[in-house]
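K.L.:
Before anything else, here's the structure in question.
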Amino acid sequence: DSGKIFLISGATAAVTVTLPAIDTGPFKFEIVHLSDVDLTVASAAADTLITFNDLTADSVAFSTSSEKIGGVVEVYCNGTVIAALARIASSYQNVTIATA
């Protein structure tokens with residue numbers, strides 16, 4: 001699925017996208033959030049996801065009420081590390097980063 005753009009649209013309940021294992025890389029894709037539900041992008045293994053200001057995250061999420069639609073998560077993996085970088089649609093949109 002490397003190179004694809006995944007559209008999350010028409011969802012009526014929270015969506016969790018679990019990323020492939022790091023050692024299956026390299027890969028790159030985007031997840032575009034087009035529904036008004038929580039979207040969580042989670043690493044396959046705990047504490048392995050690199051994201052904004054966190055080298056050992058578990059997930060990134062669009063989960064703040066009225067700030068979900070239009071967010072994008074860009075995923076990059078070289079087979080050694082994996083990054084999930086949120087691209088927001090507005091400066092008012094928040095991203096939640098979780099670390100166990």
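The values are calculated or read from the model by the stated rules, or taken from the named source; none is laboratory data. Note that this is a predicted model, so its numbers are computed, not measured. As a convention, Cβ positions derive from the backbone with ideal geometry for all residues, glycine included, and neighbour counts pool all protein chains shown. Each accessible area value is taken on the protein alone, full model and side chains, heavy atoms only, with ligands, DNA and RNA left out. Shrake-Rupley method; radii C 1.70, N 1.55, O 1.52, S 1.80 Å.
K.L.:
Might you tell me the accessible area per residue for the stretch 1-49, computed with a 1.4 Å probe and given in Å²?
P.N.:
Value for the stretch 1-49: 55 Å² per residue.
K.L.:
Starting from the amide H of I82, placed 1.01 Å from N in the peptide plane, find each other amide H under 5 Å away whose residue is 5 or more places distant or on another chain.
P.N.:
The answer is I50.
K.L.:
Where does the stretch 1-83 land on Rg/Rh, using Cα atoms and the Kirkwood Rh?
P.N.:
With Rg and the Kirkwood Rh in hand, the quotient comes to 0.96.
K.L.:
Between beta-carbons, use under 15 Å as the cut-off and find the net charge around G3, counting Lys and Arg +1, Asp and Glu -1.
P.N.:
Neighbourhood net charge equals -1.
K.L.:
With the full set of protein chains in place, find how many percent of the accessible area of the chain is carbon and sulfur; take the probe as 1.4 Å.
P.N.:
For the chain, the apolar C and S fraction of the accessible surface comes to 55 percent.
K.L.:
Could you tally the net charge around S66, taking each other residue with its Cβ under 15 Å from the Cβ of S66, Lys/Arg +1 and Asp/Glu -1?
P.N.:
Combined, the nearby Lys, Arg, Asp and Glu give -2.
K.L.:
With Rg and the Kirkwood Rh both taken from Cα atoms, where does Rg over Rh land for the stretch 54-100?
P.N.:
Radius of gyration relative to Kirkwood radius: 1.00.
K.L.:
Given a cut-off of under 8 Å on Cα pairs at least six residues apart, what relative contact order in percent is computed for the chain?
P.N.:
RCO, the chain: 28 percent.
K.L.:
So, counting K/R as plus one and D/E as minus one, what does the shell of residues with Cβ under 14 Å around A42 add up to?
P.N.:
-4
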